[in-house]
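The values are calculated or read from the model by the stated rules, or taken from the named source; none is laboratory data. Note that the coordinates shown come from a computational prediction; the quantities given were computed from them, not determined experimentally. Don't worry about glycine lacking a Cβ; one is built from the backbone with ideal geometry, like all the others, and counts go over all protein chains shown. What goes into the accessible areas is simple: the full protein's heavy atoms, side chains included, and nothing from ligands, DNA or RNA. Shrake-Rupley method; radii C 1.70, N 1.55, O 1.52, S 1.80 Å.
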Amino acid sequence: SFIGEESVAAGEGSILTDNPTWIIDPIDGTTNFVHRFPFVAVSIGFVVNKKIEFGIVYSCVEDKMYTARKGKGAFCNGQKLQVSGQEDITKSLLVTELGSNRDPGTIKIVLSNMERLLSIPIHG
């Protein structure tokens with residue numbers, strides 16, 4: 001099976017089944033692309049039995065290929081990635097994105113989540 005982000009965004013229905021399925025977003029960061037903001041990628045995932053098996057993200061501007069496979073780890077241009085090990089959230093940097101959905105209910109949830117994040121004494 002195949003699920004394409006652009007076709008779903010255009011209103012086409014898609015149902016994730018247990019069948020092996022490719023999930024592809026050829027312009028991940030469409031809004032960034034339209035505004036010439038350089039954070040754009042091609043994202044591809046492969047799912048079996050509704051569970052991710054592997055994913056690939058190619059950051060076009062940075063020329064970086066991120067890959068990950070279930071149980072095998074994550075890599076950037078072939079170099080193994082690992083988390084920092086930082087367990088103290090006050091020494092952590094948090095990054096978020098507001099999304100593009102401007103439905104009043106969604107905005108309320110997003111802002112509530114942001115308020116909770118901003119009340120944590122994080123590093124930045």
inquiry  = Looking at segment 108-124, I want the residues that are more than 11 Å from Thr96 (Cβ to Cβ) and have a partner that is open to solvent by 100 Å² or more (accessible area, probe 1.4 Å) and assigned to a helix (DSSP H, G or I) with Cβ atoms under 8 Å, at least 6 apart or on another chain. Which pairs are those?
reply    = His123/Lys91
query = Does at least one position in segment 106-114 carry a residue that is of a type in the set (A, V, I, L, M), open to solvent by 80 Å² or more (accessible area, probe 1.4 Å) and not in a strand (DSSP E or B)?
reply = yes
query = Can you find a residue in segment 73-82 that is open to solvent by 70 Å² or more (accessible area, probe 1.4 Å) and either among the acidic types (Asp, Glu) or under 30 Å from Arg102 (Cβ atoms) (or both)?
reply = no
task = Identify all residues within segment 60-94 that are hydroxyl-bearing (Ser, Thr, Tyr) and under 18 Å from the mean Cα position of the chain (by Cα); write none if there are none.
result = Tyr66, Thr67
request  = Quick one: Thr31 ticks every box in (1) surrounded by 10 or more Cβ atoms within 10 Å (Cβ to Cβ); (2) over 16 Å from Glu5 (Cβ atoms); (3) of a type in the set (Ser, Thr, Tyr) except a single one, so which number is it?
outcome  = (2)
query = In the set Asp103, Asp88, Asp25, Asp18, which member is more than 30 Å from Ile120 (Cα to Cα), loosely packed, with under 12 Cβ neighbours inside 10 Å and among the acidic types (Asp, Glu)?
reply = Asp18
ask   = Does Phe37 satisfy the criteria of being under 19 Å from the mean Cα position of the chain (by Cα) and surrounded by 14 or more Cβ atoms within 10 Å (Cβ to Cβ)?
value = no
task = Restricting attention to strands (runs of 3 or more DSSP E) lying wholly within segment 1-95, give those where 3 or more residues are touching a residue at least 12 places away in the same chain (Cβ under 8 Å).
result = 2-4, 21-28, 41-48, 51-59, 64-69
